1. Only one of (1) under 20 Å from residue 122 (Cα atoms); (2) surrounded by fewer than 16 Cβ atoms within 10 Å (Cβ to Cβ); (3) touching a strand residue (DSSP E or B) at 6+ places or on another chain (Cβ under 8 Å) is not met by residue 17, so which one is it?
2. Name the pairs: first residue in region 6-24 and on the phi > 0 side of the Ramachandran plot and touching a residue at least 12 places away in the same chain (Cβ under 8 Å), second residue part of a strand (DSSP E or B) and surrounded by fewer than 17 Cβ atoms within 10 Å (Cβ to Cβ), Cβ to Cβ under 9 Å, at least 6 apart or on different chains?
3. Which of (1) at pLDDT below 90; (2) assigned to a loop (DSSP other than H, G, I, E, B) does residue 163 not meet, given it meets every other one?
4. Does residue 28 satisfy being at pLDDT 90 or above, assigned to a loop (DSSP other than H, G, I, E, B), within 18 Å of residue 133 (Cβ to Cβ) and in contact with a strand residue (DSSP E or B) (Cβ under 6 Å, 6 or more places away or on another chain)?
């Protein structure tokens, strides 16, 4: 019933005030059994999280994508997803087939902040800002919705190929929770983890100003901007 009442971004303001949510990254630490534990939680799934669907009955409350290259490659797959609420950049409104009227199109301001301060949107109905990762966008949406506790999982913050200010860095790690997430012939943006970290630090400051808690419950990984908390502890009575 909730989603039937949602017609525009302004309708999302504080609809989950005081609640908690989980923002799910697609890193190799992500476990299908962890997703199964989130069936009754408010969750944000991103990009190709739908590759997990054959292995879990969990589905995200909100689906979010912003990567233009990923959208160019998988816009038809995203259009076919039977999910209650999807967020896409307004630049793709004419390319996306919104069969069931479940899409919200946000104004995505691609502002490269290399050497400058990143920005964090207080009103996603007007604009959202680049933070180097779709997780940063999910945080802007979650703040707007009124969530007061945000838990990250699957945010390993470590990629096999990373672009730094000094060039390309190679790490011998697995990037995603499933093989074939990115094909060998597919073009992609190399992650700039230094810029992502700046965005996360800004999100942490914004959260502290508003009394919002952000925890990193990823099983391992290298993201240390947010307070670490054991994933299983959120379900212990």
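The values are calculated or read from the model by the stated rules, or taken from the named source; none is laboratory data. What you see is a predicted model; the values in this text were computed from it and never measured. Heads up, the Cβs are rebuilt from the backbone with ideal geometry, glycines too, and the neighbour counts pull from every protein chain shown.
1. (3)
2. 18/149
3. In the conditions (1) at pLDDT below 90; (2) assigned to a loop (DSSP other than H, G, I, E, B), residue 163 misses (2) alone.
4. Details: at pLDDT 90 or above: yes; assigned to a loop (DSSP other than H, G, I, E, B): yes; within 18 Å of residue 133 (Cβ to Cβ): yes; in contact with a strand residue (DSSP E or B) (Cβ under 6 Å, 6 or more places away or on another chain): no.
The answer is no for residue 28.
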